[in-house]
Each structure stands twice: as C-alpha cells, then as structure tokens.
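To keep things clear, I will list the structure first and then write my remarks on it.
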Amino acid sequence: MSYSISQWILFFFCYAFIGWIWECCFVSMKEFYRNRKWKFVNRGFLHGPFIPIYGFVAISILITTVPIRAQGLAVFVVGSLTATIFELVIGPVMEKLFQVKYWDYSELPLNYKGYICLFVSIFWGILSVVLVQIIHVPIADVLMRIPRAVCEICSILLIILFTYDTTISFNEAMELRDLLETLAENNETMKRIERRIDAIVAFTPVPDMNELRVLSKNLHEKMEDRVNRLRERNEERINKIREHMQLPEFDGLPEREEWLKKLEQRHIKFMEKSNKQYTYALSQLKRNPMMKSKKYQEIIKLLNEWNKDER
C-alpha cells in the first residue's frame, strides 16, 4: 500500500513519539535503580516528546522492507542493518559537531567505538520485525482513515513545531559545547598556575608561602562548586593571589605579570558566560544523563554533580 508524503511525515512523528516513550521509561527506571529515587527523565536531544532517530530508523525500515514484509528473517536482517548503519553514521557526526556522545555502547561487549553494538543491532532487528508485522499495521489502518487534508495540516504544524524545537535544542547543544570548552580551559589554566607556584614554593621557604600554596590548590578544588558561587568567589581569590605576588620573593620574576594577566583573562571570560547559557547547557545534560565525551568527560562529570545538587 502506498502512502502520501503527509502520511509518511505523520508516521515519522508517531514512531519518534513511541521511541521517546520507550527511552524515557527506560532511562527513568535506570535512574531509579541507581539512585533509589523516582524522577521522570525527559530523554532525547529535543525538548518535545520526540526522538528523531527512532522516526528516521522506522521510516527507513518500512521503506526498505516493502518487498519482504511477510518474511520475518529478512525483515530482521534488513532492519538490523538499516538501524546499525544509521547509528554508525549519525553517532560520529554528532560527536564531531557537539564534542559529546549522545549514546555510548562502550560498556557493552562487541561494540565498535561505542557507536554500535552487536546486541543493540539484534535488538533493532527484533524491533524491526515487531514494527513491520505488528505495530505498523493498526497505526497505518488508523492513519488511512484520516482525511488527507487533515493529515496535511497536522504534518505542516508538526514540522513547524519540530523545526522550532530542533533550532532551540541545537543552540543549547552548542552552548553546552562552549561551556565545556570554557570550563576545561579554565581548569587547565588553574592547574598550570598551581604547578608553577608550587615549584616556587618548594624553593622559597618563607612565611606565607604555604598559605599561597594552599590558596592556589583551592582554585582547582573549588572548581567543583556551583558556577554561580564560583563567579562570586573567583575575583576574591585572584585578588589574594595578586597580593601574594607583591611579596619580595616574586620581585623580578618575569612570569608574574603573565600569570596575573592569564588569571584576569580567564576570570573575565568566565564572568561573561551568562546564566542563560548555563541553564541551556545543563538542560541538555538533564535530558541525556548518559552523555559522554572523550575530551570533556571530567567536566561533564562535574556538571552532572551540579545537576544532582539542583534536584
């Protein structure tokens, strides 16, 4: 049976919605098992109740299995390959763009770089058979009863909402990437300054140097505080370091002004990051609690801890 473009669009949103329900239930139950506290997790890249990958995979499976819908094994193989190829292509593209993985199978055996996994591919194959031979039949029957004009209006409205949501979510993902980069740079700068100050402290046994050493280490340790508290206190710490840098032991040290300048630049850059960016970025983490990143995993762990404090 052939479908119109508007009907295919409605199929896409229908299966994206079903995928959203499945992901939300699965992740919410997993979080409950881990924390012994029930909290609904609005899973996915978008704000709305849709996970596009399920819609795209479902439509791809339905199209590629048209000639073999009655053959369960063939549907299993084709559906499994279709979904696996889709994950293998989209996964690296999203990681390259946003510097994070929105799904990761690294902890499962027989995986390839965390993007695909044999057991997940088998799951996709089983799901394909269930989709083609069981789920799609009543859904298509209901949809075929809806007047074509109504289908076209609904599809247009859903596309508008989907486009708006995608734009917002994309901007949030970019804000998250920028926030991770800023925090990582700030963290590395603090570590470098700590190491260099520690070297001076080790060879300059004078009073107050131990206080400076403790103060410099606290700059790194306090990175685990909430962002708003960090913004309030960073300036005070920089002023204290500036006072210590005026000690006679640091006179003539060429790196002194360079250190102070770097601290000041990082502080100003950090202050310029608005609460709006912080809120947007963390909303992505809340919807994707299993998010991982090769480059920023330490910072993601820190942000997830801040998220837990807000619950």
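Taken over the stretch 123-148, the criterion of being over 21 Å from C24 (Cα atoms) and exposed (fewer than 15 other Cβ atoms within 10 Å of the Cβ) is satisfied by I134, V137, P138, D141, V142, M144, R145, I146, P147, R148.
Y3 - would you say it is modelled with pLDDT under 90, in contact with a Gly (Cβ under 9 Å, 6 or more places away or on another chain) and open to solvent by less than 40 Å² (accessible area, probe 1.4 Å)? Spelling it out, it is not the case that Y3 is modelled with pLDDT under 90, in contact with a Gly (Cβ under 9 Å, 6 or more places away or on another chain) and open to solvent by less than 40 Å² (accessible area, probe 1.4 Å). Note on the stretch 56-71: residues that are surrounded by 17 or more Cβ atoms within 10 Å (Cβ to Cβ) and in contact (Cβ under 8 Å) with a residue 60 or more places away in the chain total 5. Of the residues K101, K113, the single one that is at positive phi, surrounded by 13 or more Cβ atoms within 10 Å (Cβ to Cβ) and under 20 Å from the mean Cα position of the chain (by Cα) is K113. Within the stretch 167-181, the residues that satisfy the criterion of being in contact with a helix residue (DSSP H, G or I) (Cβ under 6 Å, 6 or more places away or on another chain) and not acidic (D, E) are A173, L176, R177, L179, L180. Within the stretch 31-55, residues that are closer than 12 Å to G19 by Cα reach partners that are assigned to a loop (DSSP other than H, G, I, E, B) and β-branched (V, I, T) with beta carbons closer than 9 Å, at six or more positions or on different chains, in the pairs R43/I51; G44/I51.
If the condition is being free of Cβ contacts under 8 Å to residues at least 60 places away in the same chain and either more than 16 Å from S169 (Cβ to Cβ) or open to solvent by 40 Å² or more (accessible area, probe 1.4 Å) (or both), then the stretch 6-17 contributes W8, F12, F17. Look at the stretch 108-126: where a residue is closer than 17 Å to G19 by Cβ, no partner that is open to solvent by 70 Å² or more (accessible area, probe 1.4 Å) sits 6+ places away or on another chain with Cβ atoms under 6 Å. Being under 21 Å from T167 (Cα atoms) and surrounded by 21 or more Cβ atoms within 10 Å (Cβ to Cβ) is a description that does not apply to K96.
The values are calculated or read from the model by the stated rules, or taken from the named source; none is laboratory data. Given the structure is predicted, the values throughout are model-derived calculations rather than measurements. All Cβ positions, even for glycine, are placed from backbone atoms using ideal geometry, and neighbour counts span all protein chains on display. When the accessible area is computed, the model is the full protein with side chains, heavy atoms only, and any ligands, DNA or RNA have been set aside. Shrake-Rupley method; radii C 1.70, N 1.55, O 1.52, S 1.80 Å.
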